[in-house]
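Taken together, the values in this text are just the output of simple stated rules run on the coordinates, not laboratory data. All values derive from a computational prediction rather than experimental measurement. As a convention, Cβ positions derive from the backbone with ideal geometry for all residues, glycine included, and neighbour counts pool all protein chains shown.
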Amino acid sequence: MAKKRKVFKTHFTRKNLIALGLIFFYLVMCLLASVCLDVNGMMKKGNPFQNLSSSFGFPEFIGSHQAYILVLLAYIYILLFAAAFIYEMRLAKYYDNKIRTKKWSIIYVITFFVCLALCFGIALLAQYPYSIETITNSFLFLAASLIVGFLIYLVLGSVIGSALMLYINFKNIDKPFRFFSNRAQEVMEEEREEAQEKLQDEQGELASSFGESDYDKKGATSGQGGFGGVGNGAGSVSLGSDAKEELSDKEKVFPGLCTVDFLMENKKPEEFDDALINLNDLCINFRNYLAKEEGLYFDIETIRAFISGLSASRLIILEGLSGTGKSSLARYFSEYIGQKSFFEPVQATWRDRTSILGYFNDFSKTYNETEFLKRLYQATFEPRNINIMVLDELNISRIEYYFADFLSILEYPVDEWKLKIMQLPYDFEAPMHLDNGILEIAPTTRFIGTANKDDSTYTITDKVYDRAITISFDDRNEPFEVNEETPKITLSYQKLMQLFESAQADSSKRMSKDDFARFRNLTNFTYNTFDLTFGNRIMHQIELLVPVYVACGGQKEEALDFMFARKVIAKLEGRFEDYIKQGLVDLTKLIDQTYGANSFALTRHVINRLLRKL
């Protein structure tokens with residue numbers, strides 16, 4: 001079960017206000033007693049209050065102004081101390097969850113003596129001209145007022161309390177009795193918040209009142225069968241007959257997605273002027289645009305790796321030091337090509353897919369839509385727009401948890417990029433592009449994650465690295481001057497794919513048999529020496545990326561160097577076995593023999609950094 005949140009508030013509760021009200025009522029009774037005890041006052045001499053005071057051994061009082069000043073100051077500071085003491089207990093409960101610790105006991109005592117000192121300090125100053133008789137009379141007058149006032153308070157309070165109890169109980173005589181509690185409001189808030197987060201902590205238990213449909217029994221919600229490419233169903237909802245009537249209105253269940261339907265249904269398609277664009281000019285002009293318009297400086301190899309990476313994987317990870325422009329690269333690429341990227345700051349509390357895809361709220365009978373979900377849904381209406389979705393600081397939580405469905409689904413053919421969002425009733429009219437509760441991820445979508453390397457983040461596993469194209473931002477780039485104009489362009493998804501496919505179909509840019517044979521020398525060595533495997537997925541990425549990288553103006557060896565350094569050698573981080581150092585030295589010699597002394601600069605840089613740590 002989810003752990004309940006602490007919803008404790010520092011302001012006064014009803015219980016506190018009742019206590020302050022009773023204290024105030026007591027002090028009013030004391031003030032009444034003071035007036036009645038003054039033999040020269042408004043009350044008749046020999047009244048019951050004076051007789052009651054005499055029975056306690058107090059003399060007759062002639063109320064002087066000094067005595068009244070002492071009495072009034074005492075009443076004021078008693079009320080102030082009571083309010084301060086109650087508030088301090090609230091603070092103690094809020095910060096330390098205990099009100100009787102040594103620290104807070106000292107605070108209570110200090111508050112008491114501060115109020116006492118202020119009260120009697122000011123009162124003594126008002127006793128001028130000073131005499132023993134005046135001071136004694138004032139303090140006895142105060143003591144008698146407090147005692148007699150307390151007796152009046154008990155009698156009058158009992159009468160008023162009895163009358164109120166009779167009235168309240170007669171008024172609610174047919175209602176069930178429930179004694180009030182100072183925790184009532186807090187419990188209600190806790191239950192509300194727990195219900196809101198129920199899906200995030202218990203993925204399969206969304207609505208206990210919902211029955212199990214035939215579709216569930218076939219394994220749809222476990223991600224097995226039914227829809228081929230439909231991903232893991234954790235967090236999807238199966239609705240029974242009891243909930244169907246309440247889910248008859250799609251605008252209520254999916255208000256955000258229905259708004260997207262309304263806005264996008266009649267939206268005029270965008271125009272793109274991209275006939276003359278090629279990959280080499282795209283890289284050069286985009287790099288110059290960043291430098292001249294945004295003051296961001298990247299080497300051309302980084303730009304080539306970024307753009308060619310879009311052809312080889314649906315997930316690109318920009319990893320490295322904070323402040324090196326990782327987020328800016330993703331943002332300004334979208335702006336440069338006439339699009340607008342979507343940014344989602346990853347939260348440390350994310351534990352499953354409901355953090356980015358939302359969940360069904362079984363109290364309000366609505367689907368809690370996230371902005372991430374709405375952007376994915378909007379992309380299904382825009383088949384020509386390149387949909388860049390940025391997961392900012394993706395490793396502040398474990399990406400294998402909240403992004404697990406995507407890591408699997410994006411490995412499938414494009415026509416199977418489907419996510420089961422929610423099991424809907426048979427006759428439910430869903431939003432336009434949420435047929436049967438299934439969201440098709442638009443092929444135009446690319447996910448870009450930024451990842452910092454510090455103590456506040458999680459290590460990204462090889463499972464994620466193998467699926468992604470990772471670009472390292474470890475060095476600061478030097479500024480350079482751009483003199484030519486760098487206007488923005490418009491680039492459609494179809495044109496970008498055409499450029500990628502054209503490069504991949506060019507035999508002069510693709511990997512030849514000789515290229516594979518030479519590169520296999522390095523991969524076989526790393527497998528035999530370091531036990532680092534080189535799977536078919538990575539080889540497929542290389543086949544896709546290398547020709548595009550060449551079309552971007554680079555060389556095959558540069559593309560292989562980039563992939564080898566990021567996909568293979570980077571996996572040696574954190575390994576300190578004795579044979580690692582010698583193996584890296586031997587690998588450098590093999591690179592010299594295979595590609596030449598000045599080749600594979602990025603791999604050599606990573607090797608040298610690893611050698612310094614060994």
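So the values come out like this:
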{"read-out": "C-alpha center-to-center spacing [region 268-330, region 16-47] in angstrom", "value": "81 Å"}
{"read-out": "The chain: angle of helix 556-567 to the longest principal axis, Cα-based, in degrees nearest 10", "value": "40 degrees"}
{"read-out": "Cβ charges +1 (Lys, Arg) and -1 (Asp, Glu), total dipole of the chain, debye", "value": "2300 debye"}
{"read-out": "Net charge over other residues, Cβ less than 9 angstrom from the Cβ of residue 343 (K, R count +1; D, E count -1)", "value": "-1"}
{"read-out": "Size of charge dipole - region 506-613 - debye, nearest 20, with Cβ of Lys, Arg +1 and Asp, Glu -1, no other charges", "value": "200 debye"}
{"read-out": "Given 14 as the ceiling on other Cβ atoms within 10 Å, longest exposed-site-free region of the chain for GluC sites (Glu not before Pro) in DSSP loops", "value": "61-201"}
{"read-out": "Reported label for calculated P(r) over Cα pairs in 20 Å bins from 0, in percent given (1) 15, 32, 22, 17, 12, 2, 0; (2) 18, 46, 28, 7, 1, 0; (3) 16, 37, 23, 13, 5, 3, 2, 0", "value": "(1)"}
{"read-out": "Helix 255-265 axis, angle to the chain major axis (alpha carbon atoms, nearest 10°)", "value": "40 degrees"}
{"read-out": "Selected from 284, 368, 166, residue furthest toward positive end of dipole (the chain; charges at beta carbon)", "value": "166"}
{"read-out": "Residue order, fewest to most surrounding Cβ atoms within 10 angstrom, among 403, 170, 562", "value": "170, 403, 562"}
{"read-out": "Selected from 338, 19, 517, residue furthest toward positive end of dipole (the chain; charges at beta carbon)", "value": "19"}
{"read-out": "Nearest-ten-degree value, helix 132-171 long axis tilted from longest Cα axis of the chain", "value": "70 degrees"}
{"read-out": "Order of 580, 106 - criterion: other Cβ atoms within 10 Å of each residue's Cβ, fewest first", "value": "106, 580"}
{"read-out": "Around residue 298: net Lys/Arg minus Asp/Glu count, Cβ-Cβ under 12 Å", "value": "-1"}
{"read-out": "Charge dipole of region 506-613 about the Cα centre (unit charges at C-beta), most positive-ward option of 527, 594, 579", "value": "579"}
{"read-out": "Helix-only [θ]222 nm of the chain, DSSP H runs n ≥ 4, -39500 (n - 2.57) each, per residue, nearest 500", "value": "-17000 deg cm²/dmol"}
{"read-out": "Contact order normalised by residue count of region 506-613, Cα under 8 Å, 6+ apart, percent", "value": "30 percent"}
{"read-out": "Percent of beta bridges antiparallel (DSSP, the chain, rounded to nearest 5)", "value": "20 percent"}
